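Just so it is clear, none of the values below were taken in a lab; they were calculated from the coordinates. Here the structure is a predicted model, which means the values were calculated and not measured. Counting neighbours? That spans all protein chains shown, and the Cβs are built from the backbone with ideal geometry, glycine included.
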Amino acid sequence: MKYYVYLLECKDKDEKITYYCGYSKDPNKRLQAHRGHAKREDKKHYTGRQKTLKIVYLESYDDRLVAMKREREIKKLGSRYKKKLVQSQN
């Protein structure tokens with residue numbers, strides 16, 4: 001089974017672009033859950049405070065623990081590095 005680390009591109013109320021990192025077995029299904037938070041304006045979720053949500057970066061792994069470790073690594077990185085990851089995949 002594959003596990004995916006993903007970056008979502010989000011826009012806040014001021015149109016500033018930010019990135020949300022997560023991991024999932026099914027990133028498209030997870031994206032729909034994030035969009036559900038945004039539709040409900042679920043303020044307790046980061047993605048519930050954002051306007052635009054789309055997957056802009058994916059990495060795949062065969063091991064869930066490796067994917068989780070990579071997610072933590074990316075979350076600790078600054079926005080410049082995350083933007084470079086996104087640009088590298090385009």
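Under 5 Å between amide hydrogens, built in the peptide plane, is the criterion, and for Y57 it picks out L7 among residues at least 5 positions away or on other chains.
Local charge for K76 was computed over the other residues whose Cβ lies under 12 Å away, with Lys and Arg +1 and Asp and Glu -1, and equals +3. Spin-label pair V66-K83: with each label point 7 Å from Cα along the Cα-Cβ axis, the two points sit 3.1 nm from one another.
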